[in-house]
Amino acid sequence: MNNVQIFRKNSKKQSVPHRPLFKAGMCATAWLRCCGLMFSHKKNLLFVFPDERIRGFHMFFVFFPIDIIFIDSNKKIVAVKEKFRPFTLYRSAVPFQYALEVGVGSVAHKGVAVGQQLVWRSVRAQQNL
């Protein structure tokens, strides 16, 4: 699994901030997207889908709540689901191409909001996230 650093893009500056908003593992294959956080420990995951559309998520065999940030093909946040509880289902109301699963409370704590623009870059797999 590749790892990425995710940054909030400053609309006034073109440069990327030095401190990442999140660090996450990238789930770019069907198998990794299917498994996600099932039977796993708490970590951030960036789901990469081949296209932008409305999708559903499940929390089967995930034993802790999370927040999900839904991102369109232009890397703009289009929706947020906070406090997604274990063993529940959720279907997005808007199309998205990327979904970032983060620890519960992270969206509020870091001031993540619909309309913000994100950017990300790969980091070496050896680094701990």
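Please identify the pairs in which a residue from the stretch 64-86 that is in contact (Cβ under 8 Å) with a residue 40 or more places away in the chain has its Cβ atom under 6 Å from the Cβ atom of a residue that is of a type in the set (D, E, K, R) and not in a loop (DSSP other than H, G, I, E, B), counting only partners at least 6 apart or on another chain.
Qualifying pairs under 6 Å: D67/E82.
Pick out the one residue from A99, A24, A30 that is aliphatic (A, V, I, L, M) and surrounded by fewer than 19 Cβ atoms within 10 Å (Cβ to Cβ).
After applying the criteria, what remains is A30.
Yes or no, residue by residue, for (1) outside any strand (DSSP E or B); (2) more than 19 Å from G25 (Cα to Cα); (3) within 13 Å of the chain's Cα centre (by Cα):
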position	(1), (2), (3)
F63	yes, no, no
I68	no, no, yes
N74	yes, yes, no
I77	no, no, yes
Y98	no, no, yes
G111	yes, yes, no
R121	no, no, no
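Suppose we filter S73, S11 for residues that are within 14 Å of V119 (Cβ to Cβ), at pLDDT below 90 and among the polar types (S, T, N, Q); which single one remains?
Criteria check complete, one pass: S11.
State the number of residues belonging to the stretch 47-61 that are more than 13 Å from the chain's Cα centre (by Cα) and in a strand (DSSP E or B).
Residues in the stretch 47-61 being more than 13 Å from the chain's Cα centre (by Cα) and in a strand (DSSP E or B): 6 in total.
Any residue at all in the stretch 30-39 that's at pLDDT below 95 and in contact with a Lys or Arg (Cβ under 6 Å, 6 or more places away or on another chain)?
No.
Taking the stated definitions as given, is V80 farther than 14 Å from M59 by Cα, modelled with pLDDT of 95 or more, touching a helix residue (DSSP H, G or I) at 6+ places or on another chain (Cβ under 6 Å) and surrounded by 13 or more Cβ atoms within 10 Å (Cβ to Cβ)?
For V80, the condition - farther than 14 Å from M59 by Cα, modelled with pLDDT of 95 or more, touching a helix residue (DSSP H, G or I) at 6+ places or on another chain (Cβ under 6 Å) and surrounded by 13 or more Cβ atoms within 10 Å (Cβ to Cβ) - is met.
Give the stretch 84-96 a look and list any residue that's outside any loop (DSSP other than H, G, I, E, B) and under 14 Å from the mean Cα position of the chain (by Cα), or say none.
F84, F96
Take the conditions within 16 Å of Q5 (Cα to Cα), touching a residue at least 24 places away in the same chain (Cβ under 8 Å) and either exposed (fewer than 15 other Cβ atoms within 10 Å of the Cβ) or over 14 Å from the mean Cα position of the chain (by Cα) (or both) and apply them to K42. Does it pass?
Here the answer is no, as K42 does not meet what is asked.
The values are calculated or read from the model by the stated rules, or taken from the named source; none is laboratory data. The structure displayed is predicted, hence computed values, not measured ones. Ideal geometry is used to build each Cβ from the backbone, glycine not excepted, and the neighbour counts take in all protein chains shown.
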